[in-house]
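Visitor: Let me give you the structure first, and then I'll get to my questions.
The values are calculated or read from the model by the stated rules, or taken from the named source; none is laboratory data. Just so we're clear, the structure is a prediction, and the values are computed from it rather than from any experiment. When we count neighbours, we look across all protein chains shown, and the Cβ atoms used for this are built from the backbone with ideal geometry, even at glycine. Each accessible area value is taken on the protein alone, full model and side chains, heavy atoms only, with ligands, DNA and RNA left out. Shrake-Rupley method; radii C 1.70, N 1.55, O 1.52, S 1.80 Å.
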Amino acid sequence: MRQAYIKSQNKKYTIGKVVCVGKNYLEHAKELGDVVPEKPVVFLKPSSSIIYSGEKIIYPEFSKSLHYEAELVLLIGKTGKSISKENALDYIAGYTCGLDMTLRDWQSDAKKKGHPWTISKCFDTSTVLDDFIEKEKVSNPNKLDIKLWVNGELKQDDNTSNMIFSAEEIIEYLSGFFTLEEGDIVFTGTPKGVGEVFRGDKLKASIHGVASIDAEVV
Ligand code: MG
């Protein structure tokens, strides 16, 4: 079992579902050559894929195209279903920065065939988290600077205000279809600037005032 830790409260949550929203930034959807979605694109990752900042991302032998995706991650602190966006923040316990590592070759092939993306998103070490900070310390999750560097070079530099669907809208949408449970986490999508990494690369991702991640690809 993997845990989400809110250091300031010394509180641990057992992570259940890892729910992810794809194509949530206009410029990123465009760079992948995708149609801009009218509704959030939703997929899951298993909690077994989670590692934490400071640990190593293992490049799978079966892929030739590993990409980084830095994202704002929400921690669900209260179980709920059919949550309105007006009440959505009540269900969030905290925030962190996450990496949704993706096998772009497997994903592109699956997209072409109309197959699920599972293998491209669920491999061991494909989900990187930092500790969470309590939600009271973030005045607006939809107004945060998010950045990612590879070997010190800035690759992603954006703001969560450019998300197509806000944190609250995502929670409303997801919980309309299935229960969000205490300990579930939600990846809210990555901004433009995704790209490939190689063995030996050092990744750093940060959300200003929230969290930051260091992870080396091996
Ligand atoms: Mg992603």
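Visitor: Bin by bin, in steps of 10 Å, what percent of the Cα pairs in region 23-143 do you find, going until the bin that has the longest distance?
Guide: Answer for region 23-143: a P(r) of 11, 37, 36, 15, 1 percent.
Visitor: Moving to a separate point now. Once Rh is set to the Kirkwood radius over Cα pairs, what Stokes-Einstein translational diffusion coefficient, in µm²/s, holds for region 101-158 at a temperature of 25 °C and a viscosity of 0.890 mPa s?
Guide: 170 µm²/s
Visitor: Enumerate by residue number the trypsin sites (Lys or Arg not before Pro) in region 146-216 meeting two conditions: DSSP loop (anything except H, G, I, E, B), and at most 12 other Cβ atoms within 10 Å of the site's Cβ. Don't skip to the answer; put the middle values down first.
Guide: Numbers: sites: LYS147, LYS155, LYS192, ARG199, LYS202, LYS204; in loops: LYS192, ARG199.
Within region 146-216, the qualifying trypsin sites (Lys or Arg not before Pro) (loop, at most 12 other Cβ atoms within 10 Å) are ARG199.
Visitor: Consider a paramagnetic label point 7 Å from the Cα of SER161 along Cα→Cβ; state which residues of region 23-66 have an amide N under 17 Å from it.
Guide: 25-27
Visitor: Arrange the peptides 96-108, 70-82, 25-37 so that the one whose residues have, on average, the most other Cβ atoms within 10 Å appears first. Please report the intermediate quantities before stating the final value.
Guide: On the way: 96-108: 23.0, 70-82: 21.1, 25-37: 15.0.
Ranking, from highest mean packing down: 96-108, 70-82, 25-37.
Visitor: Moving on. What net charge do the residues around GLY193 carry, taking every other residue with its C-beta under 13 Å from that of GLY193, with Lys and Arg at +1 and Asp and Glu at -1? Write out the running numbers ahead of the final one.
Guide: Values: positive: LYS30, LYS147, LYS155, LYS192; negative: GLU27, GLU31, GLU69, GLU71, GLU153, ASP157, ASP158, GLU196.
Counting the neighbours of GLY193, the net charge comes to -4.
Visitor: How would TYR52, TYR68 line up by accessible area, probe 1.4 Å, largest first?
Guide: Sorted by accessible area, descending: TYR52, TYR68.
Visitor: Can you grab the distance from the C-alpha centre of region 171-218 to the C-alpha centre of region 18-61, Å, no decimals?
Guide: 7 Å
Visitor: With a 1.4 Å probe and all protein chains kept in place, how much accessible area does LYS121 have, in Å² rounded to the nearest 10?
Guide: Accessible area of LYS121: about 10 Å².
Visitor: Could I have the simple spin-label model distance between SER65 and PHE198, label points 7 Å from Cα toward Cβ, reported in nm to one decimal?
Guide: Using points 7 Å along Cα→Cβ, the separation is 1.7 nm.
Visitor: At 1.4 Å probe radius, can you tell me the per residue accessible area of the chain in Å²? Numbers along the way, then the final one.
Guide: Numbers: 9800 Å² over 218 residues.
With all protein chains present, the chain gives 45 Å² per residue.
Visitor: Tell me, what ³J(HN,Hα) does each residue in region 102-109 have, in order and in whole Hz, if you take phi through Karplus 6.51 cos²θ - 1.76 cosθ + 1.60 with θ = phi - 60° and put x for Gly and Pro?
Guide: After applying 6.51 cos²θ - 1.76 cosθ + 1.60, I find 9, 8, 5, 5, 5, 5, 4, 5 Hz.
Visitor: Next question. On the accessible surface of region 19-150, probed at 1.4 Å, how many percent belong to carbon and sulfur atoms? Each step should come with its number before you reach the end.
Guide: Numbers: 3030 of 5820 Å².
Whole-percent figure for carbon plus sulfur exposure: 52.
Visitor: Separate question: Just to verify a number: FRET efficiency for LYS137 and VAL35, C-beta to C-beta distance, R0 = 35 Å, to 0.05?
Guide: Values: r = 36 Å, r/R0 = 1.04.
Once rounded, the FRET efficiency stands at 0.45.
Visitor: Let me ask something else about it. Largest first and to the nearest Å, give the Cα extent of the chain along each principal axis.
Guide: Largest first, the chain extends 42, 36, 31 Å along its Cα principal axes.
Visitor: Which pairs, out of LYS11/LYS155; LYS11/LYS147; LYS81/LYS113; LYS81/LYS204; LYS30/LYS137, put more than 30 Å between their alpha-carbon atoms? Don't skip to the end; give the middle numbers.
Guide: Details: LYS11/LYS155 33 Å; LYS11/LYS147 27 Å; LYS81/LYS113 33 Å; LYS81/LYS204 35 Å; LYS30/LYS137 33 Å.
Listed pairs above 30 Å: LYS11/LYS155; LYS81/LYS113; LYS81/LYS204; LYS30/LYS137.
Visitor: Using Cα springs under 10 Å in a Gaussian network model of the chain, which residue among ILE57, ILE171, ILE119 shows the largest mean-square fluctuation?
Guide: ILE119
Visitor: Here is a follow-up. ³J(HN,Hα) across region 194-199 via Karplus (A = 6.51, B = -1.76, C = 1.60, θ = phi - 60°), whole Hz, x for Gly/Pro?
Guide: Values per residue, Gly and Pro as x: 5, x, 7, 10, 10, 4 Hz.
Visitor: Oh, and also: At a Förster radius of 25 Å, what calculated FRET efficiency corresponds to the Cβ-Cβ distance of ILE119 and LYS7, to the nearest 0.05?
Guide: With a Förster radius of 25 Å, E is 0.15.
Visitor: Compactness ratio of region 85-193: Cα Rg over 2.2 N^0.38 Å, N = residue count?
Guide: 1.17
Visitor: Can you give the calculated 222 nm mean residue ellipticity of the chain, where each DSSP H run of n ≥ 4 adds -39,500 (n - 2.57) and the sum is split over every residue, rounded to the nearest 500 deg cm²/dmol? Show your work: numbers first, answer last.
Guide: Working: 4 runs with 30 residues, N = 218.
It comes out at -3500 deg cm²/dmol, rounded to the nearest 500.
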